[in-house]
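Heads up: the structure comes next, in structure tokens.
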Amino acid sequence: MEGRFVQQMKKGVLDMIVLRYVAEKDTYGYELLQKLEREGDGFFDLKEGTLYPVLYRLEDSGLIGSFWGTETGRSAPKKYYRITEQGRKTYEEYWNVWREFSACVNQICGGKTPGK
């Protein structure tokens with residue numbers, strides 16, 4: 001049960017987190033995976049097969065765009081992602097909903113264990 005609940009929670013916030021990271025700077029998929037793992041204290045240790053469909057969906061929705069670029073000292077190009085203006089607006093909307101949602105859940109549950 002816990003595994004499924006955690007998966008659903010991650011799925012629910014992944015778009016918002018990816019938009020936040022892409023808003024910080026243009027980035028590529030593997031870099032996002034590393035950042036998610038590092039900054040999420042291992043909680044967001046995702047497989048590429050989980051992240052890339054999110055990136056494609058966000059791109060199809062017009063929230064991010066992509067371009068091919070190379071890093072200094074490398075010859076192989078990578079697909080970078082960049083947030084669009086609509087993506088910035090959508091991130092702000094998601095963030096506002098998240099703050100209200102998490103405040104409501106905290107108010108209801110308040111860190112209490114049922115029956116105690």
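The values are calculated or read from the model by the stated rules, or taken from the named source; none is laboratory data. None of the values given here were measured: they were computed from a predicted structure. Quick reminder, even Gly has a Cβ in these numbers, built from the backbone with ideal geometry, and neighbours come from all protein chains shown. Just the protein is used for accessible areas: all its heavy atoms, side chains included, with ligands, DNA and RNA removed. Shrake-Rupley method; radii C 1.70, N 1.55, O 1.52, S 1.80 Å.
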- Note on the structure: The residue that is nearest to I17 (Cα to Cα), considering only those in the stretch 60-98 that are in contact with a strand residue (DSSP E or B) (Cβ under 9 Å, 6 or more places away or on another chain) and open to solvent by 50 Å² or more (accessible area, probe 1.4 Å), is R82
- Going by the structure shown, is I108 open to solvent by 60 Å² or more (accessible area, probe 1.4 Å), farther than 14 Å from L14 by Cα and β-branched (V, I, T)? yes
- Query: If you check G3 against the conditions, is it of a type outside the set (V, I, T), within 11 Å of the chain's Cα centre (by Cα) and surrounded by fewer than 16 Cβ atoms within 10 Å (Cβ to Cβ)?
  - Reply: no
- Flag if I17 is in contact (Cβ under 8 Å) with a residue 24 or more places away in the chain, of a type outside the set (D, E, K, R) and in contact with a helix residue (DSSP H, G or I) (Cβ under 6 Å, 6 or more places away or on another chain): no
- Task: Please go through the stretch 22-42 and pick out each residue that is surrounded by 11 or more Cβ atoms within 10 Å (Cβ to Cβ) and more than 23 Å from G65 (Cβ to Cβ).
- Result: E37, R38, E39, G40
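Each row is one residue, and each column tells you yes or no for (1) touching a helix residue (DSSP H, G or I) at 6+ places or on another chain (Cβ under 8 Å); (2) not aliphatic (A, V, I, L, M).
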{"position": "R38", "(1), (2)": "no, yes"}
{"position": "D41", "(1), (2)": "no, yes"}
{"position": "D45", "(1), (2)": "yes, yes"}
{"position": "L51", "(1), (2)": "yes, no"}
- Query: Which members of the stretch 62-116 meet the condition of being out of contact with any Phe, Trp or Tyr (no Cβ under 8 Å at 6 or more places or on another chain), at pLDDT below 95 and closer than 19 Å to T27 by Cα?
  - Reply: T70, E71, T72, G73, R74, S75, A76
